[in-house]
Amino acid sequence: MSAPRLSVSNLEVSTDTGIHLVDGLSFELRAGEILGLVGESGSGKTMACRALMRLLPGARLAITGGAVRLDGRDLVRLPEREMCAVRGREIGMIFQNPASHIDPIMRIGNQIAEAIRLHEGASRREARRAAVEALRRVGIPDPESRSRSHAHEFSGGMRQRAMIALALACRPSVLIADEPTTALDVTVQAQVLRLLMHLRDTEGVSILLVTHDLGVVAQTCDSVAVMYAGRLCEKASTRALLEKPLHHYAAGLIRCQPLSEGVGPLDTIAGQPPALDALPPGCRFEPRCPGASALCHEHLPELHDHRAGRGVACHHPLDGSAVERPS
Amino acid sequence: MSEPLVELDELSVHFRVAGGNGSLFGSRLLPAVSGVSLNIGAGERVGLVGESGSGKSTLGQAMLGLVKASGGRVRIDGLEVTSGERETLARLRRQTAMIFQDPYGSLNPVQRVGDALDEVLRVQRRLPSAERAERVRSLLEQVGLPASFARRRPRELSGGQCQRVGIARALAVEPRLIVADECVAALDVSIQGQIINLLLSLSESTGVTLLFIAHDLAVVRRLCERVAILYLGRIVEEGPVADVFDAPRHPYTQALIGAIPRITPDGSLAHAVVSGEPPSPLALPVGCAFHPRCPHAATRCRQAPEPELREDGARRWRCILPPGALAPGGSTVPIELDGRGARAPT
């Protein structure tokens, strides 16, 4: 396997009151890989990817530990000036709601051209041409004339394509996609996912796909990291996780999916995620976990390397293997 | 089916929107719901499925007299909803309730949960004031919340708990019909199942009739007995849930079923979905409204008139294809990167 392109180790994001929104997150994103970061609302997945870009919303949030390495540099310690050059040029980002991340009164083509001029010092004319090319790459029909449109003239799916074009205009090697299909209708969602896979295949972009939807992961991701209450609970290849989850939360999440085959009452995970300012003393999933013991109540499990690149943070993983006890 | 509780007869709802004639002051009609006929039996659970802009929420609101119908009739338990008479609507309010998508937005943020429920009982004047507190307790219990929650405010609750309060408030009316509009769409998947199961058990224990509006067919299959699928304001298919899933008769239904993600290790995007996006309801295609996205579209589909709603036993569908022509999983329709179906600049 190739060397990781983006490597995150022990990332910690906290509020000024000392609440950890992201607690010890570690993962690696390899060249041409699509990694799914899965979690429910409040699990810290969006905070984590905002932290990677150093775009934390609000002055009360800060990265309080860990490192984010991109090509050997630690982005956490980069001066803001240099970080500006990383955003858009080396890491691109797309969001759930394209309408609120595209300037409504600026023509789409001009917005893309602006980014290209800023990052690459291209001339107006070159930038315009590159912008049209960027729209063509994401499958927007008649890109020449559509580049003169405004965001409101695009449908939801087209707007998401335009945002992908904007994020990839300077050909960054990493794309962070935060719930890119959640606001789209199901029949359009598949089209956007397919576009992301196409861009990975043809241009080798590495994609961190943040989603709450395991169905999206099953269809697109090579590997997956599952978050719960700010911490990683399992990391594995998509196939391994879906075939045989090791963490009880991951297993529960898979069981809750309303599949087309099933009828009758749905499986659920009893209870609800803990509030981040009132976390249980031990494992954060312990109050809802069917396999919890006294050990889980007292000790927070660390993420242990299991085998074949898998990691699980559980005292009693589902394959029955004993995991080293915390010292 | 038992005696229908709800009868929709050629219901249409049109909105007047700005634009048209190239004039600043012009307006045109947006057909949100067009000629929908649907009966719902007492105690039945019916799913109403469609994408955004299909008119499913408008239909639910028109049914309860919350938006004015432009044509057709709605009767609920013999009451002529579309008559718009105050007295009729007042009586209707005592028999119907609605659950909304946004669990926080649909509750008053400064009102305690118990007061929100008590207010409904007070306005309805069903119970002497001495019995209301007890009723609030039993309502909370019915939706699986401890009685102590009566003193909490919405911000002290999680999304799932708020939605349970929303359901308790709907039950407070002792309604014969509940319209639930995307009531699990904003919830996490592990919580979503809890709410679906709650609605299922309430419908079985109280016999309340349920119209469940959703964009997610998989959830509808778990909860409902019958499903109606809307596309651009028209019913394109309707029938018993199991039959529709096993053998869809409209290519759009087939596409929606194909779009349900399969959580299998080799779940690929091969179960391809239709191309493009729904056209604007302001510029409906001639003929079958689905033809620009339909992999089976023939010349007839591109010409007026639009296909009739065909009927066979408990099933209805609006497509010229013979029954049995479509496989449930969806034939593989390649999604090209040409992005057909984009809206033209206006």
If pairing requires two Cys Cβ atoms under 4.7 Å apart, which cysteines of chain B are left without a partner?
B:Cys162, B:Cys183, B:Cys224, B:Cys294, B:Cys319
To the nearest 0.05, how large is the calculated FRET efficiency for B:Glu308 and B:Arg152 if R₀ is 56 Å and r is the Cβ-Cβ distance?
0.60
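Taking the inverse of the average 1/r across all pairs of different Cα atoms in segment B:1-77, what Kirkwood radius in Å do you get?
Result for segment B:1-77, one decimal place: 13.6 Å.
What shape does segment A:1-101 have by the C-alpha gyration tensor, where a ≥ b ≥ c are the square roots of the eigenvalues, rounded means a/c under 1.5, and otherwise prolate means a/b greater than b/c and oblate the rest?
Taking the square roots of the gyration eigenvalues as a ≥ b ≥ c, segment A:1-101 is rounded.
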Expressed in nanometres to one decimal, the distance between label points 7 Å along Cα→Cβ at A:Ile19 and B:Ser27 is 4.6
Protection proxy ranking of A:178-190, A:57-69 - average other beta-carbon atoms within 10 Å, highest first
A:178-190, A:57-69
Residues in segment B:178-218, backbone N under 17 Å from the label point at B:Ser52 (7 Å along the Cα-to-beta-carbon vector): list them, ranges by number please.
B:182-187, B:214-217
For segment A:124-191 and segment B:133-164, what is the centre-to-centre distance using only Cα atoms, to the nearest Å?
45
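From Cα pairs below 8 angstrom and at least 6 apart in sequence, can you work out the relative contact order of segment A:109-258, rounded to a whole percent?
Value for segment A:109-258: 16 percent.
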Which percent of Cα-Cα pairs in segment A:214-322 sits in each 5 Å bin, short to long?
2, 12, 22, 24, 20, 13, 6, 2
Using the beta-carbon distance between A:Leu56 and A:Asp142 and R0 = 35 Å, what value does 1/(1 + (r/R0)^6) give for FRET efficiency, to the nearest 0.05?
0.35
Would you list the membrane-span-like helices of chain B, meaning whole DSSP H runs whose alpha-carbon atoms span at least 18 Å along their axis and whose mean Kyte-Doolittle value is at least -1.0?
B:129-142, B:159-172, B:189-206
Packing-based order for A:280-287, A:208-215, B:314-321, using average beta carbon neighbours within 10 Å, highest first
A:208-215, A:280-287, B:314-321
Using only the alpha carbons of chain B, what is the convex hull's orientation-averaged projected area in square nanometres?
20.3
Once the cut-off is 43 Å, how many percent of the Cα-Cα pairs in the protein assembly as shown end up in the long-distance tail?
28
Helix A:186-203 versus the longest principal axis of chain A: what is the Cα-based angle in degrees, 0 to 90, to the nearest 10?
80
Give me Rg over Rh for segment B:126-221, both radii from the alpha carbons and Rh done the Kirkwood way, two decimal places.
0.97
For chain A, how big is the tail of P(r) above 38 Å, as a whole percent of Cα pairs?
17
Would you list, by chain and number, the lysines whose Cα falls below 27 Å from the Cα of B:Lys56, excluding same-chain residues fewer than 8 positions away?
B:Lys68
For peptide B:182-194, how many partner chain Cβ atoms fall within 10 Å of a residue's Cβ, on average?
6
Of all the Cα-Cα pairs you can form in segment A:42-168, what percent are over 18 Å apart?
57
Excluding residues on the same chain fewer than 8 positions from A:Lys244, give the lysines whose Cα lies under 17 Å from its Cα.
A:Lys235
Within 10 Å of each Cβ in B:254-262, the average number of Cβ atoms from other chains
6
Under a Cβ-only charge scheme (Lys and Arg +1, Asp and Glu -1), can you give me the dipole magnitude of the protein assembly as shown about the Cα centre, in debye to the nearest 20?
1380
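Volume per residue, Å³, of the convex hull around the alpha-carbon atoms of segment A:127-276? Can you show the working numbers first?
Numbers: hull volume 23.0 nm³, N = 150.
Measuring per residue, one finds 154 Å³ for the Cα hull of segment A:127-276.
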Quick one: check the C-alpha center-to-center distance for segment B:41-78 versus segment A:195-252, whole angstrom.
39
Please give the FRET efficiency for A:Ala275 paired with B:Phe15, using the beta carbon to beta carbon distance and R0 = 60 Å, rounded to the nearest 0.05.
0.90
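Give the average, rounded to an integer, of partner chain Cβ atoms located within 10 angstrom of each Cβ in A:208-221.
Mean partner shielding for this stretch: 3.
Readers should treat all values here as calculations from the given coordinates under stated rules, not as data from a laboratory. Keep in mind that this is a model prediction, so the values were computed, not measured. Neighbour counts are summed over all protein chains in view; Cβ atoms, including those assigned to glycine, are modelled from backbone coordinates with ideal geometry.
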